[in-house]
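Accompanying notes for the structure given below.
No value in this document is a laboratory result; all are computed from the given coordinates. Computed from a predicted model, the values in this text were never measured in an experiment. Cβ atoms come from the backbone with ideal geometry, glycine included; neighbour counts cover every protein chain shown.
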């Protein structure tokens with residue numbers, strides 16, 4: 001899987017200069033204009049020794065990497081096109097662990113030859129990140145005097161050629177979404193994975209309220225009881241549940257959920273449906289041995305917070321016919337992620353945010369040492385005098401380091417996710433407590449009315 005991007009280089013590249021390790025390399029009195037100094041900056045960044053393994057993976061197309069700047073300048077002067085955009089800076093980034101530096105550089109070179117056959121291009125493959133990626137510095141003026149026109153069509157071609165080359169080398173590609181899709185990608189992915197989204201939860205609650213309503217007033221009352229708020233904004237009726245940040249229009253939920261459609265669905269119902277009574281399960285008795293006090297959970301802090309919230313989510317998933325708050329239903333799509341985070345907390349016995357942050361620092365140090373060892377092994381494997389037996393040993397060690405690297409990165413991501421999720425779960429619990437408190441007065445009033453009728457008899 002490879003991602004691509006390209007953008008013009010004009011007068012300044014502050015974001016690239018921040019990454020430059022030696023600013024003296026970018027100063028040259030022969031480049032009198034600030035514009036050409038910027039093109040020198042982007043080339044210094046692309047051909048950085050520390051990123052390209054001593055420039056083992058730097059190539060030139062229609063130019064020599066050593067004098068590429070001067071050759072590009074000569075081409076511009078030859079056709080009198082020294083103003084405007086100086087060059088284009090692009091990249092092609094691969095999925096971590098999917099491609100070797102040699103293959104990535106080979107694909108980058110083929111990509112440059114097909115996209116810019118008449119332009120001078122520097123291709124530099126960087127190895128300093130977990131994801132191997134190639135940079136392209138393209139002269140804005142071609143050898144035929146024509147300027148490169150970067151637009152939507154040229155970028156689509158860049159993506160298409162990149163995907164085709166990835167398929168030829170057996171690499172994965174990002175499948176494009178349907179052009180007529182109007183859903184957010186997160187919602188689209190959740191639906192395809194069979195997970196609930198906030199719109200699907202609202203539709204489910206609306207279906208339930210419509211099924212047991214004979215008038216629109218009963219429908220609004222049933223939705224209000226579930227914690228929903230309606231608002232009329234112009235000609236659009238909008239809805240929001242407790243815990244949602246913004247209102248959403250009813251028409252965005254689908255054709256059957258506009259105000260007119262809801263009214264028609266209610267009118268088609270002659271009698272309200274009544275849920276069938278569920279048969280009671282017979283009581284089962286078991287004889288067990290042991291001390292139940294030993295089975296009590298004594299966790300505190302983050303572990304207890306995740307464990308008990310997971311239990312609420314599983315209860316909501318296993319009893320779909322019962323009414324649960326919106327925020328609880330919305331988190332059902334994160335059930336697998338929450339379960340993995342709970343196992344992570346239990347594996348490292350983490351109960352506080354400070355413990356998570358200490359573990360995060362330890363993992364970062366281990367990852368830094370691992371990256372240094374991998375770099376040394378890559379360099380040793382490329383040396384001329386390395387024997388085949390030693391190369392095989394290096395390959396085995398790199399494979400082991402790759403597995404360790406994946407686990408460290410997975411745990412680092414879980415550290416960040418746990419810290420963020422803890423704040424969200426605290427907020428969810430606050431909303432659940434508020435909803436429980438709001439339902440108590442209504443239940444008390446209902447019981448009082450029942451007693452009055454009994455005394456009236």
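Between residue 340 and residue 114, what is 0.36 nm times their sequence separation minus the Cα-Cα distance? Round to one decimal in nm. Don't skip to the answer; put the middle values down first.
Working: separation 226, 0.36 × 226 = 81.36 nm, distance 4.46 nm.
Extending this stretch completely gives an extra 76.9 nm.
For residue 355 and residue 369 in one chain, what is 0.36 nm times their gap in residues minus the Cα-Cα distance, to one decimal in nm?
Working: separation 14, 0.36 × 14 = 5.04 nm, distance 2.16 nm.
Going from the current span to full extension adds 2.9 nm.
Full extension from residue 129 to residue 169: what is 0.36 nm times the residue separation minus their Cα-Cα distance, to one decimal in nm? Before the final figure, lay out the partial values.
Values: separation 40, 0.36 × 40 = 14.40 nm, distance 2.15 nm.
Gain on extension, residue 129 to residue 169, equals 12.2 nm.
Using label points projected 7 Å from each Cα along Cα→Cβ, tell me how many nm separate residue 267 and residue 347, to one decimal.
Output for this residue pair reads 5.9 nm.
Pop the C-beta distance of residue 204 and residue 388 into the FRET formula with R0 = 51 Å and round what comes out to the nearest 0.05. Intermediate results must be reported in sequence, preceding the final value.
Numbers: r = 63 Å, r/R0 = 1.23.
Efficiency at R0 = 51 Å is approximately 0.25.
For residue 308 and residue 242, what is the calculated FRET efficiency with R₀ set at 22 Å and r taken between the beta-carbons, to the nearest 0.05?
0.60
Under a point spin-label approximation (7 Å from Cα along Cα-to-Cβ), what is the residue 419-residue 259 distance to one decimal in nm?
Going from the residue 419 label point to the residue 259 one covers 4.7 nm.
Could you compute the FRET efficiency for residue 412 and residue 249, with r as their C-beta to C-beta distance and R0 at 51 Å, rounded to 0.05?
Values: r = 40 Å, r/R0 = 0.78.
Result of the calculation: an efficiency of 0.80.
Quick check: pseudo-label points 7 Å beyond the Cα along Cα→Cβ at residue 212 and residue 300, how many nm apart are they?
Placing both labels 7 Å beyond Cα along the Cβ direction yields 4.2 nm.
Per-residue counts of other Cβ atoms within 10 Å, averaged by peptide: what ranking do you get for 90-99, 220-229, 369-378, highest first? All intermediate terms of the calculation are to be shown ahead of the outcome.
Numbers: 90-99: 19.3, 220-229: 16.3, 369-378: 13.9.
Highest-to-lowest ranking by the protection proxy: 90-99, 220-229, 369-378.
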